[in-house]
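Here's the structure, in structure tokens; my notes come after.
The values are calculated or read from the model by the stated rules, or taken from the named source; none is laboratory data. None of the values given here were measured: they were computed from a predicted structure. As a convention, Cβ positions derive from the backbone with ideal geometry for all residues, glycine included, and neighbour counts pool all protein chains shown. Surface accessibility is based on the protein's heavy atoms, side chains included, excluding ligands, DNA and RNA. Shrake-Rupley method; radii C 1.70, N 1.55, O 1.52, S 1.80 Å.
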2 protein chains.
Amino acid sequence: MARRAPRPAGATLPAPGGPRRIPDAAVARLGTYHRVLTDALAAGSCTVSSEQLAGLAGVNASQVRKDLSYLGPTGTLGVGYDVEHLLGRIGVELGLTRHWPVVIVGAGNLGRALANYRGLAARGFVVAGLVDADPTKVGRTVGGLAVEPLEALEGLIAERRVRIGVIATPASAAQEVADRLVAAGVRAILNFAPAPVGVPPGVSVRKVDLALELQVLSYHQVRATTRTRGDGTHPRRAAAPALRPDPRGAGR
Amino acid sequence: MARRAPRPAGATLPAPGGPRRIPDAAVARLGTYHRVLTDALAAGSCTVSSEQLAGLAGVNASQVRKDLSYLGPTGTLGVGYDVEHLLGRIGVELGLTRHWPVVIVGAGNLGRALANYRGLAARGFVVAGLVDADPTKVGRTVGGLAVEPLEALEGLIAERRVRIGVIATPASAAQEVADRLVAAGVRAILNFAPAPVGVPPGVSVRKVDLALELQVLSYHQVRATTRTRGDGTHPRRAAAPALRPDPRGAGR
DNA sequence: TAGATTGTTAATCGATTAACAATC
DNA sequence: TAGATTGTTAATCGATTAACAATC
């Protein structure tokens, strides 16, 4: 397999699809700031400092100022940030002022939970459709929404102007579903299937793997209980035992 | 608020709770390798190269080798990795060979979906309990498991040797639940509530915010449609409009 | 004014990627 | 052997944090 050519020193990347100004991690934190500021406003706060906001969001004050600087100047020197103003700026930048129709593919446990989840609607995400390939699931009502057949996917996306799709299918179906979503005009995908999906440039994908999250935690537990070698070394094992050079060894 | 003292140059951190050898991001990828290797083994592959594994997992081959190096030597120079051997090494390191009893707090849509989710059981996570504060939910059966009252939490954790807790409650209850989980002996928390929870050192927390994931995607859409200023600058706004210095301004 | 706080630059940290010597 | 591939080091990249001049 061809070795990747070394990138010419100092070359700047062309940034496919135009420059993305705010890093995803910062966008996610801005969303958190928006939530805690909403609470702060309800509690009567008119202004907050970066120190205060950092405390509410559980991050560093420098990071708050850095994140907010992506929005352009939003505060007042020596005073802080006007809560209402800041809420407005974040809301506009992140699209929280709009409604985003979403289609969920897969009406299994996870898909139904998402369709029912009030936290999504509260932040402008409207479940415009819930489809499933299983005919026995079609017609069931979930959170006031009838499950539609998979064949309805394309029409539904076009009619209801869906831009965001959620994949809540088994891993085996994920890529095919992603292809159909993209072909039908979806521009962003949230993937809950435990398999990566490939998409053309310009389409955004976020992946959430619930089992993987738990696995990281179980590793922490293993680490905590297994007694650590102080020197951080591993026992040198005698490498892999007796490699069979691939005689197509009948999958056990 | 006291400015953080500058860290003395060159000082190494004491690493609370002992050195954590493998970074979380690498642990998550190791989990992915485990999954794709399981498929590869079933398909008859006895060995894989880092290039092949990278292709299956959708990452860089250098990264595969780096990640695997955390396990100590696992491959054979000039040949590659023995699939079965590698599965074993990853499984032991991540705790995939054990059963992990898990308690889920909150039997709303998300909690019930998680309790029903077969992908968890498939990877060794056994839902040992599902509790809810709402008496009308108690007694219902979800995925063969009866919802128990919140009061049963501590007893359940002790009896069933639960080490991992999942918070699937509203934001308002998250911190109190976290405190009770930790007090009862839970050492790792997966938090689905849209609020950060504080825990004592030594306890691991992972946070998943479904609405935040969608918000990042909606931002991408806003960016894609809003025409970008070529120079990457922002229009200089006249800063925040007329700051009222906090006269307790009756929540609008 | 004196005190407070932003916006930004520089320093630090950590994670990813490229390169290559070792060697099967 | 010649070709392939690991394990690891060095280079790069990006994100976080500290520091501070500007100034309300």
Rg ratio (alpha-carbon, reference 2.2 N^0.38 Å) - the range B:37-161 | 1.45
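Shielding of A:194-200 by partners, i.e. mean partner chain Cβ atoms within 10 Å per residue?
Values: counts 6, 5, 6, 1, 1, 0, 0.
Taking the mean over all residues of the peptide, I get 3.
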Placing a label point 7 Å from Cα toward Cβ, how far apart in nm is B:Thr141 from its equivalents in the other copies, listed shortest first to one decimal?
-> 2.5
Just the number, please: carbon plus sulfur as a percent of the accessible area of the range B:74-231, 1.4 Å probe, no ligands or DNA/RNA counted.
-> 54 percent
Output row B,A: buried area (accessible, probe 1.4 Å, summed both chains) in Å², nearest hundred, equals 9200 Å²
Given A:82-89, A:40-47, B:49-56, the highest-first ranking by average Cβ count within 10 Å works out to A:82-89, B:49-56, A:40-47
Work out Dmax and Rg for the range B:100-210 from the C-alpha atoms and quote the Rg first, both in angstrom.
-> 12.5, 36
Full-stretch length increase - A:Ser172, A:Arg118 - with 0.36 nm per residue and alpha-carbon distance subtracted = 16.6 nm
Under 14 Å from the 7 Å Cα→Cβ point of A:Ala184, by amide nitrogen: which residues of the range A:120-136?
-> A:127-134
Classified through the alpha carbon gyration tensor (a ≥ b ≥ c as square roots of its eigenvalues; rounded if a/c is under 1.5, else prolate when a/b is larger than b/c, else oblate), the range B:24-94 comes out rounded
Distances from B:Gly72 to the same position in the other copies: list them in nm, one decimal, shortest first, using label points 7 Å from Cα along Cα→Cβ.
-> 5.8
Computed FRET value (nearest 0.05) for B:Arg160 with A:Asp24, which takes r as the C-beta separation and R₀ as 41 Å | 0.60
What percent antiparallel are the DSSP beta bridges of the range B:100-210, to the nearest 5?
-> 10 percent
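For A:112-124, what's the mean count of beta carbons from other chains sitting within 10 Å of each residue's beta carbon?
5
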To the nearest Å², the heavy-atom accessible area per residue of the range B:100-210 with 1.4 Å probe amounts to 40 Å²
Label points for B:Ala42 built 7 Å along Cα→Cβ; distances to same position in the other copies, nm, shortest first, come to 4.5
Which far-off residues, 5 or more places away or on another chain, put their amide H under 5 Å from the one on B:Val205, with H placed in the peptide plane?
-> B:Ile189
For the range A:139-144, Karplus-derived ³J(HN,Hα) couplings (6.51, -1.76, 1.60; θ = phi - 60°; whole Hz; x for glycine and proline) come out as x, 4, 9, 10, x, x
What residue of chain B sits with its beta carbon nearest the rotation axis taking B to A, and at what distance in whole Å?
-> B:Ala113, 2
Straight-line reach check, A:Lys207, cutoff 30 Å on alpha carbons, 8 or more apart in-chain or any other chain, hits among lysines -> A:Lys66, A:Lys137, B:Lys66, B:Lys207
